[in-house]
Ligand SMILES: NC(=O)c1ccc[n+]([C@@H]2O[C@H](COP(=O)([O-])OP(=O)(O)OC[C@H]3O[C@@H](n4cnc5c(N)ncnc54)[C@H](OP(=O)(O)O)[C@@H]3O)[C@@H](O)[C@H]2O)c1
């Protein structure tokens, strides 16, 4: 794989450019395709040993069905989609190639961070391709975490689904409060300033990406369903002005974090 030609389907996009740049820096010839490139996805895939699909979530399975059969048996087919169960299943079903699912747990504009950025790696088929991409990512300074696709999606239901939902809900609540944002900023606490930064960063994402991630993946819907149950329990305890109920929930949260688990498991948080 070390001198393989690589095709990045969606290589004109943000994460596709990240991956293409990373491999070019290691000396690989990388073909990038988009909807308007002269080079078609099928032609790039058919002539490359490594093929990486990095298209919008809702297009991923369809593109895998088109390019998967064109990758040779000793080739490597990968994707960068934010959910993993469906793409990995589609790659295995539509190709004889080695298969690895990837999910960079950061956006294309991620700046320097204190700890290394993580790429989730879902082994699909074959060892050589898995070893190669793991080594490539590690030597570029990324933390590589190996995880099974279903477990990845279940965790992303919380890390992305519930987390983004909480941020969006706060944004909606702020908008509907009728208080101008300049006033809120003027009277912000440090923690509220962080919340505003998070909202701005999330709303800076392309609408289509966020919409697809939130509404079209079972993982996010599962996370949001669990979040809603938690919010309702917390709202009831808060609005009922019953200190005991609130305190019980608070203890439950403390215990969950101390044990480093999200317990008890809430029905509906299963990934899709
Ligand atoms: N953005 C993130 O923070 C992030 C982080 C981790 C993983 N991901 C995943 O990375 C993947 C790509 O996301 P992105 O943010 O890089 O998106 P993006 O910037 O919109 O790029 C999408 C790419 O797919 C191509 N494309 C769009 N529709 C297509 C279609 N119908 N057929 C073929 N190609 C099509 C686009 O071509 P054009 O140039 O013609 O538009 C572009 O090259 C997604 O699966 C997402 O879940 C994103």
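Inspect all residues belonging to the range 209-223 and state whether any of them is more than 20 Å from residue 61 (Cβ to Cβ) and outside the structural domain of residue 86 (by TED's automatic domain parsing). Within the range 209-223 (the criterion being more than 20 Å from residue 61 (Cβ to Cβ) and outside the structural domain of residue 86 (by TED's automatic domain parsing)), the answer is yes, since at least one residue qualifies. Residue count for the range 86-98 under the criterion of being within 16 Å of the ligand (Cβ to nearest atom) and closer than 21 Å to residue 146 by Cβ: the result is 6. Selection within the range 40-60: residues that are surrounded by fewer than 19 Cβ atoms within 10 Å (Cβ to Cβ) and within 12 Å of the ligand (Cβ to nearest atom). The member of this set that is farthest from residue 83 (Cα to Cα) is 40.
Looking across the range 101-144 at every residue that is farther than 20 Å from residue 26 by Cβ and assigned to a strand (DSSP E or B), the one that is nearest to the ligand (Cβ to nearest atom) is identified as 103. Selection of helices (runs of 4 or more DSSP H) fully inside the range 169-221 by the criterion of at least 2 residues being modelled with pLDDT under 95 and under 21 Å from residue 110 (Cβ atoms) returns 190-203, 207-215.
The values are calculated or read from the model by the stated rules, or taken from the named source; none is laboratory data. Bear in mind that the values here come from a model prediction, so they are computed numbers and not experimental data. FYI the Cβ positions are ideal-geometry reconstructions off the backbone, even for glycines, and counts take in every protein chain you see.
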